[in-house]
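Readers should treat all values here as calculations from the given coordinates under stated rules, not as data from a laboratory. These figures come from a predicted structure and were not determined experimentally. Virtual Cβ from ideal backbone geometry, glycine too; neighbours counted across all protein chains shown.
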Amino acid sequence: MNGIHDLGGMHGLGPIRPEPDEPVFHEDWERRMFGLFIAAFGGGHFNVDEFRHAIERMDPAHYLESSYYEHWLSAIETLLVEKGVLAQDELAARKAELAKEAA
Amino acid sequence: MSNHRHNRPLTDVELRVKALESLLTEKQLIDPAAVDEIIETYEHKIGPRNGARVVARAWLDPDYRQRLLDHGTEAIAELGLSGVQGEDMVVVENTDQVHNLVVCTLCSCYPWPTLGLPPVWYKSAPYRSRAVSDPRGVLAEFGVEVPESTEIRVWDSNAELRYLVLPRRPAGTEGMSEDELAGLVTRDSMIGVGLPRSPNG
């Protein structure tokens, strides 16, 4: 099956924009996301094919508009909830607590 | 986990990542020390200098070069490079007839042990879409001129197979040491969107 991720040969997606001296991670959350993914993967909660498929299932417009590590975030949240490792409301509750703490 | 102060509210994405890390840590599904070490490894230890050593060795040692082209994974492993996202490697050689270009149209497959983590442009829609349909245009965008008579081969990476380009050894490098030669090898030359530096700057 194809999907928005199947970009080979598509037109109209704009110029390539290499960033000179690009850092490995642009934001701290990206750095944490990367580390989290590898650690969670090491824990055997999902395999790489499931992970890619979870990215491929993203809303197509959101896929194109969001950054790379946002794809990872979306996929991990989806998989961990689908597999019952975390609950949707747990994530929402923790997010709300952290938002309050940070304010 | 870092606890530095923010001068602005956390974004939605930042909060989601924090929530994830917080819950996974609490449930002991991840070890925060392991997370830190993973970050340290890929941010500071693994990178294109690894691949540059492979290329320099191939430039100096014709037998190694042949092993590299015949059995990429094993030859790369001879230099202690192997593992995650580099389990199956094919090395493709640039010649005066052929220029190679590597892409992953479907996602971001990239040879981590030799090149580290891929740059944003490699993982983004413009490169992924056009590398396979307009490689000459893509090369021109990167400032690489390839004669019309040179064949361009584009390799679409996948989950099972990663590619490393073996660029041509620049002229005027006779007598240079392996370290000096490695210093000329750029990350972009091992993806195929660049050429190695010349010894004259």
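Miscellaneous remarks
- Cross-link partners of B:LYS123 among lysines (Cα-Cα below 26 Å; sequence separation of 8 or more within a chain): B:LYS18, B:LYS45
- Whole-number D in µm² s⁻¹ for chain B, Kirkwood Cα-pair radius fed into Stokes-Einstein, 4 °C, 1.567 mPa s: 69
- Over the protein assembly as shown, the fraction of Cα-Cα pairs per 20 Å bin, rounded to whole percents and listed from the shortest bin up, is 31, 54, 15, 0.
- Value of D in µm² per second that Stokes-Einstein yields for chain A, Kirkwood Rh from Cα pairs, at 4 °C (1.567 mPa s): 82
- Chain A, helix-only ellipticity at 222 nm - DSSP H runs n ≥ 4, -39,500 (n - 2.57), divided by all residues, nearest 500: -18000 deg cm²/dmol
- Comparing mean-square fluctuations of A:PRO23, A:PRO15, A:PRO60 from a GNM of chain A with C-alpha springs under 10 Å, the top value falls on A:PRO15.
- Rounded D (µm²/s) - segment B:102-185, Kirkwood Rh over Cα pairs, Stokes-Einstein at 4 °C, 1.567 mPa s: 89
- Computed over chain B, the per-residue total of -39500 (n - 2.57) for DSSP H runs of n ≥ 4 gives a 222 nm mean residue ellipticity of -11000 deg cm²/dmol, rounded to 500.
- Shielding of A:54-66 by partner chains, average beta-carbon count, 10 Å: 1
- Taking a straight Cα-Cα cut-off under 18 Å and skipping sequence neighbours fewer than 8 places away in the same chain, the lysines within cross-link reach of A:LYS83 are B:LYS27.
- Phi-derived couplings, Karplus 6.51 cos²θ - 1.76 cosθ + 1.60 at θ = phi - 60°, listed residue by residue for segment A:90-103: 4, 4, 5, 5, 5, 4, 5, 4, 5, 5, 5, 4, 7, 6 Hz, with x used for Gly and Pro.
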